[in-house]
Amino acid sequence: MTIEILMPALSPTMEEGTLSKWLVNEGDSISSGDLIAEIETDKATMEVEAVDDGKIGQLLVAEGTEGVKVNTPIALLVDTNELPHTSIKNIAEKPYLEKEEIQIKPINEKSISIEANSSLITVREALRNAMAEEMRTDKNVFVMGEEVAEYQGAYKVTQGLLDEFGDKRVYDTPITEHGFAGIGIGAAFGNLKPIVEFMTFNFAMQAMDQIINSAAKTLYMSGGQMGCPIVFRGPNGAASRVAAQHSQCYASWYSHCPGLKVVSPWSSKDAKGLLKSAIRDPDPVIFLENEVMYGQSFSCPNDDDFTLPIGKANIEKDGNDVTIIAFSIMVGKSLEAAEILKDKNINAEVINLRTLRPLDTDTIIESVKKTNRVVTCEEGFPFSGIGAEISALITEKAFDWLDAPVTRVTGKDVPMPYAANLEKLALPQVDDIVSACAQVCYED
Amino acid sequence: MKKNTAKKILTEPKMNYDLNLLQDMYKKMLLIRRFEEKAGQLYGMGQIGGFCHLYIGQEAVVVGIQSAQIDGDSIVTSYRDHGHMLACDMDPKGVMAELTGRRDGYSKGKGGSMHMFSREKGFFGGHGIVAAQVPIGAGLAFSHKYNGNKNVSITYFGDGAANQGQVYESYNIASLWKLPVVFVIENNKYGMGTSVNRSSAGENLSDRGKAYGIVSEIVDGMDILAVREAAIRAIDYCRAGKGPYILEMKTYRYRGHSMSDPAKYRTRDEVDKIRKTSDPIENIKSLLNKMGVEEKILKDIDTDIKSIIAEAAKFAQDSAEPSENELFTDITIN
């Protein structure tokens, strides 16, 4: 009997990985628990153990192959007890997968045009570059958080920072969010510029009191004396199959509070330009990233001085018929929806908010005046959400320009379920945006 | 290190005390006492609103520790903060005007009793959430270490705060990273209306540092010289880069938790007894007498302070309310 050894999924969001090294050769006898390979995901390099006893019949994927999809057979294991005399070379019919044959393509875009003086880099690299560049120019900038130093970042966003800047600039903290958030705030009151990474924003709930009561309010309570130049950053929103406590969008929570700036990038360009601005900003900035976006590639300016202003939205696609307002991962979904809407003769405008507080109301209102129809998109819950705020804003400032009710596409009003089908139902999908747009254009 | 809290006069000074230093300490303690009495009065007159937590009885703690500090050290404390501000030489007029919610207050009238700051004097608040100042104090210590200066952070909190989780999160990191922070537990025996015995497991609050490898001492917080000597040990230790230090000050507040506290959880006798036997100001006054300071000098100090306080109270009532434009300023810097 021959058993296929499959490319394992090593994280909730892993779709593919690099088979960086084989630790066995064809013909080797192995036992359950032996290390057989090293696999590199976008989060980490991990060793894979055998789960059965037997003899390695054939290695199907060459060392160094990138983009090996989860569940692809990577080797064949021969049960030596059952087939003691079979020549292992004859067992495998499948072709040996050569490194060159693997097609590597960016996940997010069919074709990405690289702008002048820019490179195609992932959101993860853009965030890291932003931090490294700012740390090079300002010695008061430092990074702290769980696993940011020696582990190289739970999501590899801080990879390499410890090597370049050393342990006086990059600090691993214990798993005590309330405490280290407060220490970061104290350091900011002491004129340093901390970047505090939360492994995910779900865990920042533990630090909520320090973020709101200490970071956001102290400037006001001190009559302007106590600035708090700190960045709290990390992945926000749904990852994949991690259920209710690890899948929540906190955009509306933080945006509710005066004293904070709340930024949420979509592309690599956003990530770099906005994170650099956040680090330079004298106020506390909540920087909401998205785990699913980390591995996606976009054109991103190379310039070390490239920044994007906080408080300014970007029109990612011009249109006349309906305005889709989104941030973070929902921008990509909105652009996909806009493509589909073209076939229905609906020309959608897509606004990437980039900043949630202060909200770029001018860009929103101008767009409403042009399209007269609005669909808001967010992963968060509908109740008191960003869409609710935008809807109220438009009602107050551009009511007479509306030809249809402002319509919200949001996550469902339920804690995130674990089951794959339910999770998909709970999250806003491209089709939901398409139908909402068709509805406000009275085309459904 | 455990000392008896109920004694009539100070331990004989172990160090050679300069008479001027003792007089200054006396003066500062008296300033705090009279300031707080006036604040209580103004509160009763409706001139001060909201919460107002008086420091009467605890004066030796902050004045003793302050006497061991150098320029550039940072101080952070809870909402019972008037004494700390006066000890840092913040202007009594500005503090009182903040209490009355006026534009000349330290926070332009936008912070009130619990939220005042002075970067110039190294005073980082004034924090209204129980124990929130503890990680902030550790963070200030982090900034001193990061900048490579010799300054330390003095982080005050009460016995009530000592049960908050973030205190231990801070102990852990401060000890791991050897942060120059003196954690001063002002154990005045009651967290609001709940006595330490009813709220805190274990023998002494200071013992809790042991789990984190932090050196601690219990100090008679009614004895300013004991406080000063312990503060010198603690601050020297931190300045030498050896990490954090805990001082548990056994002290007592004469007034309620705040102005609206009827203090039914303890007897009048208990308060009177401590007032009579271990009042920190009477303690140093008798020492000064013993050292031959003339009564007239002490009287003059008294008179000076009365006029400072009268002036501060007048200033705080005469100062205008903040301009309405201030409602929307200082929310963010840009």
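Every number here is computed from the coordinates shown, using simple stated rules; none is lab data. What you see is a predicted model; the values in this text were computed from it and never measured. Cβ sites come from the backbone with ideal geometry, for glycine too, and all protein chains shown count toward neighbours.
Data for the structure
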{"quantity": "Sequence of A:ILE39, A:ILE175 once ranked by neighbouring C-beta atoms within 10 Å, starting from the fewest", "calculated": "A:ILE175, A:ILE39"}
{"quantity": "Karplus (6.51, -1.76, 1.60) ³J(HN,Hα), θ = phi - 60°, over the stretch B:293-306, in Hz, Gly and Pro reported as x", "calculated": "6, 5, 4, 4, 4, 5, 4, 4, 4, 4, 5, 4, 5, 4"}
{"quantity": "Backbone HN-Hα couplings from phi across the stretch B:179-194 [Karplus 6.51/-1.76/1.60, Hz, Gly and Pro as x]", "calculated": "7, x, 10, 9, 8, 9, 8, 8, 8, 9, 6, 9, x, 6, x, 9"}
{"quantity": "Residue-averaged 222 nm ellipticity for chain B, from DSSP H runs of 4+ at -39500 (n - 2.57), nearest 500", "calculated": "-13500 deg cm²/dmol"}
{"quantity": "Debye intensity ratio I(q)/I(0), log10, the stretch B:19-315, q values 0.09, 0.12, 0.14, 0.15 Å⁻¹ (C-alpha model)", "calculated": "-0.40, -0.74, -1.02, -1.18"}
{"quantity": "Long-range HN-HN contacts of A:GLY224 with modeled amide H, under 5 Å", "calculated": "none"}
{"quantity": "Estimated [θ] at 222 nm from DSSP helical runs (n ≥ 4, -39500 (n - 2.57)) normalised by residues in chain A, nearest 500", "calculated": "-7500 deg cm²/dmol"}
{"quantity": "Taking N as its residue count, the alpha carbon Rg of the protein assembly as shown over 2.2 N^0.38 Å", "calculated": "1.15"}
{"quantity": "Neighbouring partner chain Cβ atoms per residue of B:325-332, average, 10 Å criterion", "calculated": "6"}
{"quantity": "Amide proton proximity set for B:SER195, modelled H, under 5 Å, gap of 5+", "calculated": "none"}
{"quantity": "Max mean-square fluctuation residue, GNM over chain A, Cα-Cα springs under 10 Å, options A:LEU260, A:LEU275, A:LEU402", "calculated": "A:LEU402"}
{"quantity": "Table column - 3J(HN,Hα) (Hz), the stretch B:37-47, Karplus curve with 6.51, -1.76, 1.60, x for Gly and Pro", "calculated": "4, 5, 4, x, 5, 5, 4, x, 7, x, 7"}
{"quantity": "Shape call, the stretch B:105-211: gyration tensor on alpha carbons, a/c limit 1.5", "calculated": "oblate"}
{"quantity": "Dimensions in Å of chain A - Rg and Dmax from alpha carbons", "calculated": "24.3, 85"}
{"quantity": "The stretch B:11-124: C-alpha gyration tensor shape, a/c 1.5 cut-off, then a/b vs b/c", "calculated": "prolate"}
